[in-house]
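K.L.:
First the structure, which I've put down as C-alpha cells, then a few questions once you've had a look.
What follows draws every value from the coordinates through simple rules; no lab data is involved. Keep in mind that what you see is a predicted model, and the values were worked out from it rather than measured. Positions of Cβ are generated from backbone atoms using ideal geometry, with glycine treated the same way; all protein chains shown enter the neighbour counts.
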Amino acid sequence: MEENTHPQKLLAEMLGTAMLVFIGVGSVPATLIVGGEAPFTMAELGMISLAFATVVIAMVYAIGHISGCQINPAVTVALAATGKTPWRDVPGYIAAQIAGALLGALAIVGVLGKKAVTAGLGIAAYGADVTAGQALLAEAVGTFILAFVVFGAIDERSSGGFAGLAIGLAVFAVIIPVAPATGAAINPARTVGPMVVGELSGSTVQWEQLPVYLIAQVAGAVAAGFLYLTLGARRQTAATTEAPAEPAAAEGVLQ
C-alpha cells in the first residue's frame with residue numbers, strides 16, 4: 001500500500017498547525033477587536049471555541065490521511081510513548097508543528113495588523129487570580145480530555161468516519177471551562193507560536209508561565225494515552241468460526 005513521503009507528512013503538519021493557529025488563535029483578537037470595550041461574554045467564548053473546533057474538524061479530514069493530523073506536539077509525544085508512532089518521527093513532527101504555529105501567528109498579525117497585537121494576539125496566559133498549580137491542573141485536564149478522545153477516535157474499533165467530528169467537538173467542549181483559567185492552549189505549538197510572534201511584535205509575554213503549560217500539556221496527553229491503552233486492552237480468546245467484524249477506518253489523529 002502506497003503512503004505519503006515523510007517530507008509530505010511534515011509539510012501537512014506544518015500547514016495544519018498554521019491553520020489551527022491562524023483560525024483558532026486568530027479568533028481571540030478578532031473577537032476582542034469587534035467587541036471593543038465591551039465586557040468579554042460567554043457568547044464570545046463560544047465563538048472562539050467554535051473557531052477552534054471547526055478548524056480542527058476541517059484539518060482532520062483534509063490532512064488526516066496524509067500525516068495523521070496530529071498538529072499538537074503533546075499528542076505526538078503521547079502517540080510515541082504508547083507505541084503508536086515511531087520515536088524517530090517525533091522531532092520532525094514537532095519542528096513542523098512549531099514552524100506552522102509561528103506561520104499561523106504571523107498570519108494573524110499580517111491580516112489583523114497592530115490591533116491584533118494590542119488585543120494580546122491570543123497568547124495563552126493565566127492571571128494573578130490563578131495560581132501556577134491551578135493553571136497546571138487546568139491545562140493537564142484539558143489536554144488529557146482532548147488526547148483521550150483522540151486515542152478513542154483513532155481506535156480501529158471506533159465508528160468509522162467520525163474521528164474529525166469527535167476531536168473537534170472535544171476541543172470545543174474543553175475550551176469552555178478551561179479558557180477562563182489559562183486560555184485553554186492544550187497544545188504546546190499553539191502556546192509557543194503566538195508567544196514568539198508576540199515577543200517580536202511588542203506584546204507582553206509572560207515567559208515564566210511557559211514551563212507550566214508545556215509540562216501540563218505533555219503530562220496530560222501521555223497520561224490519557226496510557227489510560228486509554230489500559231481501558232482498551234483486549235483479552236486473547238480462542239479462535240472461533242465467526243468471521244471478525246470489519247474494523248472501522250481511522251480518520252487521522254489530530255489536534
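K.L.:
Write down Rg/Rh for the range 165-230, rounded to two decimals, with Rg from the C-alpha atoms and Rh from the Kirkwood relation over Cα pairs.
P.N.:
So for the range 165-230, dividing Rg by the Kirkwood Rh gives 1.03.
K.L.:
Which ³J(HN,Hα) values in Hz, rounded to whole numbers, follow from the phi angles of the range 57-63 under the Karplus curve 6.51 cos²θ - 1.76 cosθ + 1.60, where θ = phi - 60° and Gly and Pro get x?
P.N.:
Going residue by residue, I get 4, 4, 5, 4, 6, 7, 10 Hz, with x marking Gly and Pro.
K.L.:
Continuing with the same structure: In nm, to one decimal, how far is the modelled label at residue 111 from the one at residue 235, with both set 7 Å along Cα→Cβ?
P.N.:
5.3
K.L.:
How are the C-alpha pair distances of the range 114-160 spread across 10 Å bins, as whole percents from the shortest bin up?
P.N.:
Binned Cα distances yield the sequence 22, 28, 27, 18, 5.
K.L.:
Next up: Peptides 16-25, 91-100: what's the order by average Cβ count within 10 Å, highest mean first?
P.N.:
So the order, starting with the most tightly packed, is 16-25, 91-100.
K.L.:
I want to make sure I understand the PRE zone here: with the label point 7 angstrom from the Cα of residue 210 toward its beta carbon, which residues in the range 61-100 have backbone N atoms less than 14 Å away?
P.N.:
Correct set: 98-99.
K.L.:
Select from the range 1-55 those GluC sites (Glu not before Pro) which occupy a DSSP coil region and have at most 10 other Cβ atoms within 10 Å, ordered by residue number.
P.N.:
Filter output for the range 1-55: 2, 3, 37.
K.L.:
Packing-wise, with mean Cβ within 10 Å as the measure, how do 215-221, 161-167, 181-187 rank, highest first?
P.N.:
181-187, 215-221, 161-167
K.L.:
Could you tell me how far the Cα centroid of the range 9-50 sits from the Cα centroid of the range 77-102, in Å?
P.N.:
23
K.L.:
At what distance in angstrom do the alpha carbon centres of the range 180-209 and the range 104-125 lie from each other?
P.N.:
11
K.L.:
Right, something else. At 7 Å along the Cα-to-beta-carbon direction for both residue 137 and residue 82, put a label point, then send me their distance in nm to one decimal.
P.N.:
A separation of 2.5 nm, rounded to one decimal place.
K.L.:
Could you tell me the extents of the range 6-232's C-alpha atoms along the three principal axes, largest first, rounded to whole Å?
P.N.:
Principal-axis extents of the range 6-232 (Cα, largest first): 49, 36, 31 Å.
K.L.:
R0 = 41 Å: FRET efficiency of residue 8 with residue 34, Cβ-based, nearest 0.05?
P.N.:
0.65
K.L.:
Whole-Hz ³J(HN,Hα) for each residue in the range 193-205, computed from phi via Karplus 6.51 cos²θ - 1.76 cosθ + 1.60 with θ = phi - 60°, x for glycine and proline: what do you get?
P.N.:
Each residue's phi maps through the Karplus curve to give x, x, 4, 5, 5, x, 4, 5, 9, x, 6, 7, 10 Hz.
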